Amino acid sequence: LSGGQRQRAWIALVLAQSAPLLLLDEPTTYLDLVHQIDVLALLRRRNREAGLTVVSVLHDLNLAARFSDRLVLLGRDGLVATGTPWEVLTPAHLHIAFGLAARVDPDPVTGTPMIIPL
């Protein structure tokens, strides 16, 4: 199996156990973009329909913004911000956390924050 196939099988195994809480570290690692979106959409659907609580580490901030209700942003010195994607993913917070100059605009399809590095 490829790394992506193993990752998807692992997520399926975890979901089949019907735990009320999932703690996931980079669940989209090794997955191509289509499968990243599929996995995150599935987790969100399970959250909405079955009340599953999902706590996940994601380094792709645009995917985190699209599929998360609440975010915790950590930087070099610890906690930078917590809240909704719009509250957390601000140019000021991105600069504090990563030294990144960026714009944050509404995604034209989803309306969620979309980070555009400058």
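Quick note: the coordinates plus some simple rules give every number you see, no bench work behind them. Please read all numbers here as calculations on a predicted model, not as lab measurements. Please note: Cβ atoms are built from the backbone with ideal geometry, for glycine as well, and neighbour counts cover all protein chains shown.
Peptide packing: for 36-48, 102-114, the average count of neighbouring Cβ atoms within 10 Å per residue gives the ranking 36-48, 102-114, highest mean first. Expressed to the nearest 5 percent, the antiparallel share of DSSP beta bridges inside the chain is 65 percent. Each of [x] 14.9, 43; [y] 20.3, 60; [z] 21.9, 83 is a candidate for Rg and Dmax of the Cα atoms in Å; the one calculated from this structure is [x]. In this simple spin-label model, placing a label point 7 Å from the Cα along the Cα-to-Cβ direction at both A41 and S2 gives a separation of 1.9 nm.
Take the Cβ-Cβ distance between R76 and D32 as r, set R0 to 25 Å, and report the resulting FRET efficiency rounded to the nearest 0.05. So the FRET efficiency works out to roughly 0.25.
To the nearest 500 deg cm²/dmol, what mean residue ellipticity at 222 nm is calculated for the chain from DSSP H runs of n ≥ 4 alone, each contributing -39,500 (n - 2.57), summed and divided by the residues? If you can, show how the numbers build up before the last one.
Details: 5 runs with 51 residues, N = 118.
Using -39500 (n - 2.57) per qualifying helix, the result is -13000 deg cm²/dmol.
In debye, nearest 20, what is the charge dipole magnitude of the chain about its Cα centre with +1 on Lys and Arg Cβ and -1 on Asp and Glu Cβ, if you could check? Before the final figure, lay out the partial values.
Details: 10 positive and 11 negative charges, 45 e Å.
The calculated dipole for the chain is roughly 220 debye.
Its Cα gyration tensor gives the range 69-118 an equivalent ellipsoid. The semi-axes, each the square root of 5 times an eigenvalue, are 19, 14, 6 Å from largest down.
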